[in-house]
Amino acid sequence: QVQLVESGGGLVQPGGSLRLSCAASGITFRSYAMGWYRQAPGKQRELVAVITSEGRTTYADSVKGRFTMSRDNAKKMVYLQMNSLKPEDTAVYYCRSTYYNIDYWGKGTLVTVSS
């Protein structure tokens with residue numbers, strides 16, 4: 001059974017930091033590209049960052065220079081370090097794994113940036 005479980009969300013003040021984690025099970029993790037997506041209230045889900053099986057990362061323009069995605073294949077984990085958070089970063093953050101046409105999603109973790 002495939003599971004992606006996100007954690008690390010919460011309430012943070014503008015300018016603060018959070019680190020999200022995604023624990024994967026039931027997949028050959030090292031073969032999968034992994035991604036972080038987010039969905040703000042009333043908006044469509046959007047890409048935040050992806051990391052290939054080889055470890056190459058790509059970021060949305062809105063988070064470049066503030067967010068860093070990484071993976072630990074031994075632990076089957078991906079992380080999203082989020083710095084200099086802004087109110088517009090408020091959203092539910094989802095983890096996704098992709099291998100050719102095989103696609104899994106986690107249930108999400110809520111990040112709220114507010115003073």
Binning at 5 angstrom from zero up to the longest distance, how are the C-alpha pair distances of the chain distributed in percent? 2, 13, 25, 26, 19, 10, 5, 1, 0
Rounded to the nearest Å, the spacing of the alpha-carbon centers of the range 62-113 and the range 9-51 is 2 Å
All other residues with a Cβ under 15 Å from the Cβ of residue 32 taken together, and with Lys, Arg as +1 and Asp, Glu as -1, what is their net charge? +3
With θ taken as phi - 60° and the coefficients 6.51, -1.76 and 1.60, list the Karplus ³J(HN,Hα) couplings across the range 37-51 in order, rounded to whole Hz; mark glycine and proline as x. 10, 9, 9, 8, x, x, 10, 6, 5, 9, 6, 9, 7, 9, 9
Check each of the GluC sites (Glu not before Pro) in the range 15-96 and keep only those in coil by DSSP with at most 15 other C-beta atoms within 10 angstrom; list them in order. 54
Would you mind telling me the share, in percent, of accessible area of the chain contributed by carbon and sulfur at probe 1.4 angstrom? 47 percent
Dividing the mean separation of Cα pairs under 8 Å (6+ apart) by the residue count of the chain yields a relative contact order in percent of 36 percent
Whole-Hz ³J(HN,Hα) for each residue in the range 65-71, computed from phi via Karplus 6.51 cos²θ - 1.76 cosθ + 1.60 with θ = phi - 60°, x for glycine and proline: what do you get? x, 10, 10, 9, 9, 9, 9
Per-residue HN-Hα couplings for the range 81-89, Karplus 6.51 cos²θ - 1.76 cosθ + 1.60 at θ = phi - 60°, whole Hz, x for Gly and Pro? 8, 10, 10, 6, 5, 10, x, 6, 7
Relative contact order of the range 4-72, pairs being alpha-carbon contacts under 8 Å that are 6 or more residues apart, as %: 20 percent
Cα-only radius of gyration and Dmax that characterise the range 1-62, units Å: 13.5, 38
Counting Lys +1, Arg +1, Asp -1, Glu -1, what net charge surrounds residue 50 among other residues with beta carbon under 11 Å of its beta carbon? +3
Can you list residues whose amide H is under 5 Å from residue 67's amide H, if they're 5+ apart or on another chain and H is modeled 1.01 Å from N? 83
Once Lys and Arg are counted +1 and Asp and Glu -1 for all other residues with Cβ under 15 Å from that of residue 12, the total becomes +2
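The values are calculated or read from the model by the stated rules, or taken from the named source; none is laboratory data. Note that the structure is predicted; figures quoted are calculated from it, not measured. Glycine gets a Cβ as well: all are built from the backbone with ideal geometry, and neighbour counts include every protein chain shown. Surface accessibility is based on the protein's heavy atoms, side chains included, excluding ligands, DNA and RNA. Shrake-Rupley method; radii C 1.70, N 1.55, O 1.52, S 1.80 Å.
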